[in-house]
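Below: one structure, written as structure tokens.
The numbers here are math on the coordinates, done by the rules we state, and not lab data. Owing to the predicted nature of the structure, the values given are computational and were not obtained by experimental measurement. Quick reminder, even Gly has a Cβ in these numbers, built from the backbone with ideal geometry, and neighbours come from all protein chains shown.
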Amino acid sequence: MVIEAFDRVKELQTLITSTEINNKEDLEAFRIEYLGTKNIIKPLFSAIRNIPNERKKEYGQLVNALKQLAEEKFIEIDQLLNAKAANQVEQVDLTAPAEALELGSRHPVSLVLNQMIEIFDRLGFAIAEDIEIEDDWHNFTALNTPQDHPARDMQDTYYILNDPRRLLRTHTSSVQSHVMMTQKPPIRIIAPGRVYRNETISARAHCQFHQVEGLYIAEKVSFADLRQTIYYFAKEMFGATKIRMRPSFFPFTEPSAEVDVWWGCETETDKRITKGTGWLEILGCGMVDPAVLVNCGIDPEKYSGFAFGMGVERIAMLKYQIDDIRLLFENDVRFLKQFKKTAVF
Ligand code: PHE
């Protein structure tokens, strides 16, 4: 009887170690057999009654070890099978065609801005940036725009509440004042950035938009230099073959001009865009007024310069035939998606 009990323990031990378990079903059968409520180890525990006292301890330990052996085998194989299943899910078919990547796209304003920056970079213009919450001096006074100038009107300019000397810059010309105050000629910069005007929002106007300012100051800079620079830009940006300059007025340039590029007047679209003239206005410019140089500490006897400024949205709208400026600020993905470039990896 005693020998039998000990033999039975040994027998089960071999059985447990040798049982092959290859899948979940095998494992469940194993669990029922050795760990279920009616498992075959259980009777060995009750059999302890028949073991003589001096061997009870030894026997108890053996049966406990047997149970533990079954438990450990179960846990080990359960984990193994789970890991295998997880691996199968993640198995990759390396020959399957890759899914197309959803790429983001640059905003049309950024696309045009970057193109402008790139064109002027080729002419040696560095980028200058400055604050958008400006003081009245940099935005107006330094630029020869007197206190009673209509541009200062609350109708056009956003002032900071309770501080009539602080405002949201109305043009990137404010960067001109900063640069002239802090750099010595020769100065050759462009200043891209956001500007603000108190405009009623419509298809053609917005209260925020972007400009690119240009400023060149050195010895003996002439109007011919200005014209040539603008011509180069128009050629590169629009493929324009000719430009024309019309006399205009800005407080900070003298003489001042507005520049049109020849767009053409053949198709209906040409006629609509150019209002039937074939010419397209793209920017304002002029020779820096000597009074502005003096205001910013530059000797007008020694130095002269030119400046220009243009609206980025206007040019983006022309380039991409967008007929409502508001689309540029609504961030509607359906609109923005159209400017996606094909990705080449
Ligand atoms: N600041 C002018 C505007 O916003 C443009 C400009 C810049 C004109 C520089 C002349 C020289 O309309």
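Debye calculation, C-alpha points only, no solvent: report log10 I(q)/I(0) for the range 72-117 at q = 0.14 Å⁻¹, in the same order as the q values.
For the requested q values the scattering log ratios are -0.63.
Any idea which of PRO164, GLN147, GLY193 is furthest toward the positive side of the dipole for the chain, if Lys and Arg beta-carbons carry +1 and Asp and Glu beta-carbons -1?
Value: GLY193.
Any idea what angle helix 24-34 forms with the longest principal axis of the chain, computed on alpha-carbon atoms, 0 to 90 degrees, nearest 10?
Relative to the chain, helix 24-34 is tipped by roughly 40 degrees.
Tilt of helix 2-18 relative to the longest C-alpha principal axis of the chain, in degrees (0 to 90, nearest 10)?
30
Counting alpha carbon pairs within less than 8 Å and at least 6 residues apart, what relative contact order, in whole percent, applies to the chain? Please report the intermediate quantities before stating the final value.
On the way: 491 pairs, mean separation 53.1, N = 345.
Reported as a whole number, the value is 15 percent.
Write down the Å³ per residue value for the convex hull defined by the alpha carbon atoms of the range 6-132. Before the final figure, lay out each step's value.
Details: hull volume 41.0 nm³, N = 127.
Per residue, the Cα convex hull of the range 6-132 comes to 323 Å³.
What ranking do 119-125, 16-22 get when scored by the average of other Cβ atoms within 10 Å per residue, highest first? List each step's numbers first, then the result.
Values: 119-125: 15.1, 16-22: 12.4.
The peptides rank, most packed first, as 119-125, 16-22.
Go ahead and set up a Gaussian network model of the chain, Cα springs under 10 Å, then flag whichever of THR182, THR141, THR157 fluctuates most.
Fluctuation is largest for THR182.
Report the residue, chosen from ILE189, ILE40, ILE282, that carries the largest GNM mean-square fluctuation when the chain is represented by alpha-carbon nodes joined by springs under 10 Å.
ILE40
Between LYS340 and LYS242, what FRET efficiency comes out of the Förster formula 1/(1 + (r/R0)^6) with R0 = 30 Å and r the beta carbon distance, rounded to 0.05? Spell out each step's value before the answer.
On the way: r = 33 Å, r/R0 = 1.12.
Rounded to the nearest 0.05, the efficiency is 0.35.
Quick one: helix 173-182 against the long Cα principal axis of the chain, what's the angle to the nearest 10°, folded into 0 to 90?
90
May I ask which residue of THR14, VAL63, LEU80 lies farthest towards the positive end of the charge dipole of the range 2-86, with charges of +1 (Lys, Arg) and -1 (Asp, Glu) on Cβ and the Cα centre as origin?
The Cα lying farthest towards the positive end belongs to VAL63.
Could you list, in their original order, any pairs among LYS271/LYS337; LYS184/LYS275; LYS271/LYS340 whose Cα atoms are separated by more than 32 Å? Show your work: numbers first, answer last.
Working: LYS271/LYS337 28 Å; LYS184/LYS275 43 Å; LYS271/LYS340 28 Å.
LYS184/LYS275, as the Cα separations exceed 32 Å there.
Which residue, VAL89, VAL212, VAL261, tops the fluctuation ranking in a GNM of the chain built on C-alpha contacts under 10 Å?
It is VAL89.
So if I take the centroid of the Cα atoms in the range 82-100 and the same for the range 294-345, what is the distance between those two points in Å?
Going from one Cα centre to the other spans 47 Å.
Along the three principal axes, how long is the chain when you take its alpha carbons, biggest first, rounded to the nearest angstrom?
Ordered largest first, the chain gives principal extents of 123, 50, 39 Å.
For the range 136-239, just say rounded, prolate or oblate: build the C-alpha gyration tensor, square-root its eigenvalues into a ≥ b ≥ c, call rounded for a/c under 1.5, and beyond that prolate if a/b exceeds b/c, oblate if not. Don't skip to the end; give the middle numbers.
Details: a/c = 2.46, a/b = 1.40, b/c = 1.76.
It is oblate, given that a/c is not under 1.5 and a/b is not larger than b/c.
If you put +1 on each Lys and Arg Cβ and -1 on each Asp and Glu Cβ, how big is the dipole of the range 214-345 around its Cα centre, in Debye rounded to 20?
Details: 17 positive and 18 negative charges, 109 e Å.
For the range 214-345, the charge dipole is close to 520 debye.
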